[in-house]
Amino acid sequence: MSTFAEFEKEKMQIDEVMAQGYMVLAIRETLDGAMILFARNGNSKESTQLQLLTADARKYVTSLLFGKKDQAQSG
């Protein structure tokens, strides 16, 4: 699978989780990628996680996280 195809797959997984009402709760970087913990309404009981292997997917999550922060501060 090409690097772009791997990124697209991970991006679709992120978008799907976010569309279900989950938000990024924690990001843990490792040498194998990043583990992203998502929670619904800040409730750790309603959580899911994804392992992201591509750098572009990790950057995408970070951009979503900072985009939400900017929206909260301006609105």
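The values are calculated or read from the model by the stated rules, or taken from the named source; none is laboratory data. Small disclaimer: the values here were computed from a predicted structure and weren't measured. For neighbour counting, all protein chains shown are included, and Cβ atoms are generated from backbone atoms with ideal geometry for every residue, glycine included. Side chains are part of the model used for accessible areas, which takes the heavy atoms of the whole protein and leaves out ligands, DNA and RNA. Shrake-Rupley method; radii C 1.70, N 1.55, O 1.52, S 1.80 Å.
Scanning the stretch 5-28 for residues that are touching a residue at least 12 places away in the same chain (Cβ under 8 Å) and open to solvent by 60 Å² or more (accessible area, probe 1.4 Å), which turns out farthest from Tyr60 (Cα to Cα)?
The extreme case among them is Gln20.
So which of Gly75, Gly42 is open to solvent by less than 90 Å² (accessible area, probe 1.4 Å) and at pLDDT below 95?
When all the criteria are applied, what remains is Gly42.
In the list Gly21, Gly67, Gly42, which residue meets the criterion of being under 13 Å from the mean Cα position of the chain (by Cα) and at positive phi?
Sole residue among the options that is under 13 Å from the mean Cα position of the chain (by Cα) and at positive phi: Gly21.
Quick check, is Gly67 open to solvent by less than 70 Å² (accessible area, probe 1.4 Å) and free of Cβ contacts under 8 Å to residues at least 12 places away in the same chain?
So Gly67 fits the description; yes.
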